[in-house]
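The values are calculated or read from the model by the stated rules, or taken from the named source; none is laboratory data. The shown structure was predicted, so the numbers you read here are calculated from the model rather than taken from an experiment. Every residue, glycine as well, gets a Cβ built from its backbone with ideal geometry; the counts of neighbours run over all protein chains shown. In case anyone asks, the SASA skips ligands and DNA or RNA and just uses the protein heavy atoms, side chains included. Shrake-Rupley method; radii C 1.70, N 1.55, O 1.52, S 1.80 Å.
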Amino acid sequence: AVVSTQSTGSCSSCWLVFNLPALLACNMVLDLQLVETQFNESLSEDGDVTLELYILAYTELSKVFDVLGSLFRFVATDVHNKLALLQSKLDDSPNHYRTIRSMVQYEVSEGLTSTSNRNGCRTLLRLHRALEFVSGFMDTLEVCQEENISKPVWEVYNSTLAHHHTWMVRKSVGAAMYTLPFRGTILAEVGPSPTCIPSLVKVLTKVYDTVQDTYQTNNLLTLK
């Protein structure tokens, strides 16, 4: 079952918790190596993230939503809309949206983060939160020695997305943990290169930490 949330911002991240493990057990999931490469290339030496490459990497990651058919199409649409919104802002104002830091500086200085729900900072924050969970989930696949990974994945959820979900959503996630596929099943199907998971997690963590620092510096981590 899919849990409805009160905002489109929490919709995609909540759905990730419920369904990413099952998606990773499909033949058509995502190209882990490509995601790693694009996220790695998005990082700059001065502690910033190039927005165009971030969008490209997340677009590859979002392909997991497209394999579920019409029942989950609204979730795929939600994620794609967020990416499209960021891309449109980059296309319309490439200087202001060239990097995540420049986007934040521009929208904060113009007061856009407090006057519009369709600002880039709010949109990216929702994707950013989901990325933390995905990184932790991937790390669990790598380090967990037990076939039943429900408990460690639940711990990952509680330390990440649970902070942004309502009590009802958290209870539903807890019930969904009992339906997770076994670790071996997931690793056998994730492709094309499950051996790259450790390096992928390292890159995802670095991207997450970089964005986190930018948002924290500008007091945007609780942006509604």
Scope the stretch 156-176; condition more than 18 Å from Leu131 (Cα to Cα) and modelled with pLDDT under 75; matching residues
Ala176
Residue ID - modelled with the lowest pLDDT, chosen from residues in the stretch 45-68 that are open to solvent by less than 30 Å² (accessible area, probe 1.4 Å) and of a type in the set (Gly, Ala, Ser):
Ser62
Which ones in the stretch 115-144 are small (Gly, Ala, Ser) and open to solvent by 40 Å² or more (accessible area, probe 1.4 Å)?
Ser116
Glu147 open to solvent by 40 Å² or more (accessible area, probe 1.4 Å) and either out of contact with any Gly (no Cβ under 7 Å at 6 or more places or on another chain) or part of a helix (DSSP H, G or I) (or both)
no
Got at least one residue in the stretch 202-219 being surrounded by 13 or more Cβ atoms within 10 Å (Cβ to Cβ) and outside any helix (DSSP H, G or I)?
yes
